[in-house]
Amino acid sequence: MADNYSTFADLYDSLFDLDLYEEWASFVKERSTASPMIDLAGGSGRLGVLLSQSGYQVTLIDLSEQMLGLASKHAIENEVHLDLIQADMTADWGIPDQFPLITSFADSLNYLVNKQQFARALAQVFRHLSSGGRFLFDVITPYQVNVHYDNFMYNNDDDPEKIFMWSSFPGDEKNSVDHDLKFFIYDERLDAFKLVREVHHEQAFPLTDYTQMLKQAGFVNIQISADFGRQPVGPDTTRAFFSAEKA
């Protein structure tokens with residue numbers, strides 16, 4: 001019934017393959033057991049829940065009130081605790097603490113539309129990391145944007161009452177993409193479909209640019225990999241995984 005999917009956050013959360021969160025969790029656990037930690041732009045809390053179940057004390061920061069509501073729901077359902085903070089990743093997070101581990105996955109940093117925004121986010125990460133702390137994150141690459149997302153289309157009608165259509169188009173900026181995400185939700189009261197739609201803009205930079213920005217922010221021991229840390233990066237890498245430390 002349509003009332004079960006009243007916000008885009010609910011619908012968007014339902015898209016993700018839960019196995020991917022297991023992969024992100026494994027990437028984190030293989031590189032740091034430090035706790036407490038921040039999951040930056042942690043969305044609906046899927047990763048935060050998994051890490052909490054593995055013994056991490058997780059503070060989840062996200063800009064979306066709706067996503068934080070879902071994170072609270074998922075934490076309660078899984079009988080774990082998440083500290084939830086609503087904040088913009090590029091501005092003051094409103095907390096004085098420093099943490100030995102900060103993570104950010106699932107394209108979150110690709111939503112920063114230029115290098116200035118990325119640099120501001122890095123400054124906040126650096127500020128809230130303790131000395132020797134580690135920042136783990138991933139980004140989609142220019143190859144993903146320019147090749148895989150070039151006029152990409154995907155439709156899912158497995159659920160006849162919740163049809164999903166995803167189209168991607170090149171953005172106005174170099175190495176950027178616009179995702180047109182549409183859900184058609186059947187409303188039995190009207191005997192008609194309701195359209196729920198958002199357009200998401202993502203920006204990718206060459207991997208050398210990410211490395212340079214990390215160094216400028218003060219990070220050291222920067223490591224880059226592909227396939228959740230299992231492979232070296234190459235020209236056809238679609239998602240790059242970073243590990244960097246606060247000097």
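Annotation: amide H-H contacts under 5 Å for residue 57 (H modelled 1.01 Å from N, sequence separation of 5 or more, or interchain): 37. Label positions at residue 174 and residue 116, each projected 7 Å from the Cα along the C-beta direction, are separated by 1.8 nm. Measuring between their Cα centroids, the range 214-231 and the range 1-79 lie 23 Å from each other. Relative to the dominant Cα principal axis of the chain, helix 115-128 is inclined by about 60°. Each Lys or Arg adds one and each Asp or Glu takes one away; over the other residues whose Cβ falls under 10 Å from the Cβ of residue 8, this sums to -2. Hey, any idea what % of the range 1-80's accessible area is carbon plus sulfur with a 1.4 Å probe? C and S fraction of accessible area: 45 percent. Using a probe of 1.4 angstrom and keeping all protein chains present, the accessible surface of the range 117-221 works out to 52 square angstrom per residue.
For the pair residue 92 and residue 236, label points projected 7 Å from Cα toward Cβ lie 4.9 nm apart. Near residue 133, within a Cβ-to-Cβ distance under 13 Å, what is the net charge of the other residues, with Lys and Arg +1 and Asp and Glu -1? In short, +2.
Based on DSSP H segments of at least four residues, each scored -39500 (n - 2.57), the chain has a per-residue ellipticity at 222 nm of -8500 deg cm²/dmol. Exceedance of the 27 Å cut-off in Cα-Cα distance is limited, within the set 73/182; 29/182; 29/73; 115/246; 29/215, to 29/182. Estimated at 0.36 nm per residue, the fully extended path between residue 63 and residue 29 surpasses their Cα-Cα distance by 9.7 nm.
In a simple Cβ point-charge model (Lys, Arg +1; Asp, Glu -1; nothing else charged), the chain has a dipole of about 1160 debye relative to its Cα centre.
In the chain, excluding the sites themselves, the longest stretch lacking any of the GluC sites (Glu not before Pro) that are in a DSSP loop with at most 12 other Cβ atoms within 10 Å is 80-172.
The values are calculated or read from the model by the stated rules, or taken from the named source; none is laboratory data. Computed from a prediction, not measured in an experiment: that's the story for all the values here. Please note: Cβ atoms are built from the backbone with ideal geometry, for glycine as well, and neighbour counts cover all protein chains shown. Ligands, DNA and RNA are stripped out before the accessible areas are found, and what is left, the full protein with its side chains, is counted by its heavy atoms. Shrake-Rupley method; radii C 1.70, N 1.55, O 1.52, S 1.80 Å.
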